[in-house]
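**Q** To start, I am sharing the structure in question, which I have written as structure tokens.
The values are calculated or read from the model by the stated rules, or taken from the named source; none is laboratory data. Computed from a predicted model, the values in this text were never measured in an experiment. Because the Cβ atoms are built from the backbone with ideal geometry, glycine has one as well, and the counts that use them run over all protein chains shown. These accessible areas exclude ligands, DNA and RNA; they are computed on the full protein's heavy atoms, side chains included. Shrake-Rupley method; radii C 1.70, N 1.55, O 1.52, S 1.80 Å.
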Amino acid sequence: MSEPVAPSADPAAELPSSVDEVYSFLGPAGTFTGAALAQVPEAAGKHWRSVNNVGEALADVVAGRSVAAMIAIENSIEGGVSVAQDALATVPGLRIIGEYLVPVTFVLVARPGTTLADVKVINAHPVAYAQCHLWLDANLPEHGHLPASSNVSAAESLFEGSTADAAIAPPGIVDHHDLAVLAENIGDNPNAVTRFVLVSRERTVPAPTGADKTSLIAELPDDRPGSLLDLLEQFSTRGVNLSLIESRPIGDALGRYRFVIDADGHIEDERVADALLGLRRFSPGVIFLGSYPRADRVEVAFDRRYRDEVFTEARDWLASLTSPPPAAPRG
């Protein structure tokens with residue numbers, strides 16, 4: 001993983017002149033969320049407000065304390081981030097305006113002068129610890145583990161009287177703390193990636209690029225056989241691929257679920273717009289979270305039977321069926 005590019009000055013040390021210059025992220029400096037925010041050109045040189053959780057980040061946006069918040073939404077190893085999905089389903093007025101991918105790799109860090117042979121106890125967030133157990137079992141088979149509240153706090157604890165000898169942290173931590181790297185790339189899966197989204201109150205949808213994604217949340221209107229199939233057919237019959245569909249309990253009763261959906265394409269694409277119309281007729285509980293450029297910038301491939309012209313021609317044909325015939329020319 002390449003180290004995150006920090007702003008020209010410490011964002012937390014600067015006072016913003018307006019809300020347009022504030023971006024909220026799960027901090028402190030050196031987190032994977034910070035690495036995602038560093039990919040946003042508009043955030044360069046602006047004030048980065050460090051928060052403790054997704055709820056606080058989104059509350060900043062809703063209350064107008066920040067123009068946007070960067071949150072993790074999906075991990076290639078563990079799937080969707082449920083706390084983020086549930087927040088987007090229940091906090092009104094939010095839109096996703098961009099997505100960013102951050103490779104998830106870990107380093108083992110310690111106080112300067114510490115060697116690998118000195119490490120007996122490791123401070124680590126439980127999720128990070130679980131993703132590094134193969135390396136730890138092979139290289140430090142007798143170590144002990146102290147759980148940490150976050151990847152960065154694990155490293156910071158080494159300066160706060162922790163009994164740990166080392167910590168598992170993101171590579172960018174060395175940009176912000178005087179730590180020795182004892183080992184790099186200690187994660188079990190070298191292809192692990194976390195997907196982050198930038199969330200704001202901006203209602204203007206970015207223009208289509210041909211490499212776009214549309215995010216939605218939809219509820220099943222009732223619990224009956226084939227209800228989920230009916231939902232999926234709104235997309236399949238229009239040639240719209242779904243890159244993500246995950247269920248989350250609504251919470252008001254057993255068997256009641258909402259579905260978090262990522263569809264390939266833009267709301268201005270005729271096939272996607274028609275699918276949304278069908279979905280709205282099928283399920284009034286639809287939340288449009290936004291259409292935005294894909295992080296990988298890969299153009300969306302689809303069957304040419306569902307190109308825009310097919311839909312517009314069909315609408316023109318339908319209109320012609322009820323239009324009066326043209327007047328006959330006078331002789």
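**Q** If Glu99, Glu142 are ordered by their accessible area, calculated over protein heavy atoms with a 1.4 Å probe, which sequence runs from highest to lowest?
**A** Glu142, Glu99
**Q** Over what distance in Å are the Cα centres of the range 246-267 and the range 180-204 separated?
**A** Measuring centre to centre over Cα atoms gives 24 Å.
**Q** Same structure again: Return the long-range amide H neighbours of Lys120 (sequence gap of 5 or more, or a different chain), with a cut-off of under 5 Å between placed amide H atoms.
**A** For Lys120, the qualifying residues are Asp165.
**Q** Still on this model: At a Förster distance of 41 Å, what's the computed FRET efficiency of Val181 paired with Glu313, Cβ-Cβ distance as r, to 0.05? Intermediate results must be reported in sequence, preceding the final value.
**A** Numbers: r = 61 Å, r/R0 = 1.48.
After rounding, the FRET efficiency stands at 0.10.
**Q** Right, something else. Between Val91 and Leu146, what FRET efficiency comes out of the Förster formula 1/(1 + (r/R0)^6) with R0 = 41 Å and r the beta carbon distance, rounded to 0.05? Let's see the in-between values first.
**A** Working: r = 34 Å, r/R0 = 0.82.
For R0 = 41 Å, the calculated efficiency reads 0.75.
**Q** Now for a different question. Tell me the carbon and sulfur percent of the accessible area for the chain, rounded to whole percent, probe radius 1.4 Å. Before the final figure, lay out each step's value.
**A** Numbers: 8920 of 16410 Å².
Looking at the chain in its full context, I get 54 percent from C and S.
**Q** What nm value, rounded to one decimal, do you get for the distance between Asp296 and Ala44 when each label is placed 7 Å out toward the C-beta?
**A** It is 2.6 nm.
**Q** What are the ³J(HN,Hα) values, in whole Hz, obtained from phi via the Karplus relation 6.51 cos²θ - 1.76 cosθ + 1.60 with θ = phi - 60°, for each residue of the range 44-61 in sequence order, with x given for Gly and Pro?
**A** 4, x, 8, 7, 9, 8, 7, 10, 9, 7, 4, x, 5, 4, 6, 4, 4, 5
**Q** Just to be sure I understand: of the beta bridges DSSP finds with both ends in the chain, what percent are antiparallel, rounded to 5? Spell out each step's value before the answer.
**A** Working: 45 of 59 bridges.
Taking every DSSP beta bridge with both residues in the chain, the antiparallel ones total about 75 percent.
**Q** Let me ask something else. Could I have the simple spin-label model distance between Glu233 and Phe282, label points 7 Å from Cα toward Cβ, reported in nm to one decimal?
**A** 0.8
**Q** A further question on this structure: Please list 3J(HN,Hα) in residue order for the range 197-205, calculated via the Karplus relation 6.51 cos²θ - 1.76 cosθ + 1.60 where θ = phi - 60°; whole Hz, with x for glycine and proline.
**A** 10, 9, 10, 9, 9, 4, 8, 6, 7
**Q** Taking the Cα atoms only, what angle lies between the long axis of helix 270-282 and the longest principal axis of the chain, rounded to 10 degrees?
**A** For helix 270-282, the angle is close to 90 degrees.
**Q** Explain nothing, just compute: Karplus ³J(HN,Hα) = 6.51 cos²θ - 1.76 cosθ + 1.60, θ = phi - 60°, for every residue of the range 165-175 in order, whole Hz, x for Gly and Pro.
**A** Each residue of the range 165-175 in turn: 9, 8, 9, 8, 8, x, x, x, 4, 6, 6 Hz.
**Q** Computed FRET efficiency, Cβ-Cβ of Ile250 and Val62, R0 25 Å: what is it to the nearest 0.05? Write down the numbers at each step before the final one.
**A** Numbers: r = 21 Å, r/R0 = 0.84.
It comes out at approximately 0.75.
**Q** For the chain, what does the accessible surface come to per residue with a 1.4 Å probe? Please give it in Å². Don't skip to the end; give the middle numbers.
**A** Values: 16410 Å² over 331 residues.
Using a 1.4 Å probe on heavy atoms only, each residue of the chain averages 50 Å².
**Q** Related question: In the set (1) 19.9, 59; (2) 24.2, 104; (3) 28.9, 99, which value of Rg and Dmax of the Cα atoms in Å was calculated from the structure you see?
**A** Here the calculated entry is (2).
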